[in-house]
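The block underneath contains the structure these notes are about, expressed in structure tokens.
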Amino acid sequence: MDGWTAPGGHKLVLGMVHLSPLPGTPFHEDGSFDRIRDTAVRSARALYEGGADGCLIQTVDRLYRVDDVSDPARTVAMGLIVRAVAEATGERFHIGVQLMRNALTPSLAVAKVAGGSYIRAGALVGQTLTPHGMVRPDPMEVMAYRRRIGATDVRIVAEIDSMHFRWFGGEKSTAEVARAARSVGADAVSLCHPDEDAALEMIASVRKAVPELPVILAGHTRHDNAMRLLAAADGAFVGTCLERDGWGGEIDRDRVAAYVDIVRRLER
């Protein structure tokens, strides 16, 4: 994956940039968009200056549709934020888009037009039950739309076992879900578990089933466990441990630099 990662190679550190509710959503605060955008840019700059490889810009709108749809105002707002982040960071800084809960085609559109390099799919194959209803992805439509808008250069990271995705309707192992995601066109998969040993077992099972597929940790990494977990995975989405005031807070440059330093020791 040009400019990205492959198993056994460079370890990706991708910081989470959490957005307050955007225009077009029920809990958006009127007049707050400029503040949301500027906070996101400051967090992205902290990641960039701290040595992270990129970010994932994720909506936190509290209430979500479960189909592949995003309100036009919300989509435009996300595009403006992604563009502002792209202009404030370097060319090699990977910017991800995740319009929650699973608006994959709007996320692809934003990434392609505004300067993103990948999206994270909360669900790409199977289905998963969420507090807002059942998410039933349509990989055929996603991949057809990706090609239609010329976004085959926009990577897709598919969640396969995480806080956002659990295979619903019968037993299917993490490795089997990874294989299914790869077969429909995922460029990488993300997974996590709060128990470190369980997370390492999940990574090992995916490695065995799909050796060429990059595995990105979807959460639960911190400064004190990053070296152990990233020794097995190809990268991590990192949130709370980089944020000043806990989950959803602004990202701190020094915390980023300390985390990146730990990960880079694995590559020496």
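The values are calculated or read from the model by the stated rules, or taken from the named source; none is laboratory data. Since the structure is predicted, the reported quantities are computational estimates derived from the model, not experimental observations. Every residue, glycine as well, gets a Cβ built from its backbone with ideal geometry; the counts of neighbours run over all protein chains shown. Calculation scope for accessible area: heavy atoms of the full protein, side chains included, ligands and nucleic acids excluded. Shrake-Rupley method; radii C 1.70, N 1.55, O 1.52, S 1.80 Å.
Scattering from segment 57-193 was approximated by placing one identical point on each alpha carbon and applying the Debye formula without solvent; log10 I(q)/I(0) at 0.12, 0.13, 0.14 1/Å stands at -0.43, -0.51, -0.59. For segment 146-160, 3J(HN,Hα) computed residue by residue from phi via the Karplus equation (6.51, -1.76, 1.60; θ = phi - 60°) reads 4, 5, 4, 9, x, 10, 5, 7, 8, 5, 10, 9, 9, 6, 10 Hz, glycine and proline entered as x. The GluC sites (Glu not before Pro) found in segment 178-226 that occupy coil by DSSP, while having at most 16 further C-beta atoms within 10 Å, are Glu212.
How large is the accessible surface per residue of segment 112-241, computed with a 1.4 Å probe and reported in Å² as a whole number?
Values: 5520 Å² over 130 residues.
Averaged over the residues of segment 112-241, the accessible area is 42 Å².
Pairs of Cα atoms in segment 145-268 fall into 5 Å distance bins, from 0 up to the last occupied one, in shares of 2, 11, 19, 20, 18, 15, 10, 5, 1 percent.
Using r as the Cβ-Cβ distance of Phe168 and Asp261, and R0 as 35 Å, what FRET efficiency do you calculate, to the nearest 0.05? Numbers along the way, then the final one.
Details: r = 40 Å, r/R0 = 1.13.
Efficiency, rounded to the nearest 0.05: 0.30.
In loop segments of segment 16-114 as defined by DSSP, the GluC sites (Glu not before Pro) with at most 10 further C-beta atoms inside 10 Å of their C-beta are Glu91. In order along segment 33-48, phi translates into HN-Hα couplings of 4, 4, 5, 4, 4, 5, 5, 4, 5, 4, 5, 5, 5, 4, 5, 4 Hz, rounded to whole numbers, per the Karplus curve 6.51 cos²θ - 1.76 cosθ + 1.60 with θ = phi - 60° and x for Gly and Pro. The trypsin sites (Lys or Arg not before Pro) of segment 65-117 meeting both criteria, a DSSP state outside H, G, I, E and B (loop) and at most 14 other C-beta atoms within 10 angstrom of the site's C-beta, are Arg92.
The distance linking segment 209-259 with segment 128-197 is 20 Å (Cα centroid to Cα centroid, whole angstrom).
What FRET efficiency do you get for Ala198 and Ala88 if R0 is 35 Å and r is their Cβ-Cβ distance, rounded to the nearest 0.05? The computed FRET efficiency comes out at 0.40. Accessible area per residue was computed with a 1.4 Å probe on protein heavy atoms; Asp34 scores about 80 Å².
In plain terms, the chain from Ala231 to Ala73 could stretch by 52.8 nm, reckoned as 0.36 nm per residue minus the Cα-Cα distance.
Only helices enter this figure: runs of n ≥ 4 DSSP H residues, each worth -39500 (n - 2.57), summed and divided by the residues of the chain, yield -11500 deg cm²/dmol at 222 nm to the nearest 500.
Size descriptors for segment 1-127, from the alpha-carbon set: Rg then Dmax equal 14.2, 46 Å.
Normalised Debye scattering of the chain at q = 0.14, 0.16 Å⁻¹ gives log10 I(q)/I(0) of -0.92, -1.25, counting only Cα atoms as equal scatterers and leaving out solvent.
Scalar couplings 3J(HN,Hα) for segment 131-136, obtained by applying the Karplus form with A = 6.51, B = -1.76, C = 1.60 to θ = phi - 60°, are x, 9, x, 7, 8, 10 Hz; x denotes Gly and Pro. With all protein chains in place and a 1.4 Å probe, the accessible surface of the chain carries 50 percent carbon and sulfur.
Calculate, in whole percent, how much of the Cα-Cα pair population of segment 141-214 lies beyond 21 Å. Walk me through the numbers on the way to the answer.
Working: 775 of 2701 pairs.
Of all Cα-Cα pairs in segment 141-214, 29 percent lie more than 21 Å apart.
Give me the distance in nm between label points sitting 7 Å out from Cα along the Cα-to-Cβ direction at Arg35 and His132, one decimal. Placing both labels 7 Å along Cα→Cβ, they lie 2.2 nm apart.
Dipole magnitude for the chain: about 400 debye, using +1 per Lys or Arg Cβ and -1 per Asp or Glu Cβ, origin at the Cα centre.
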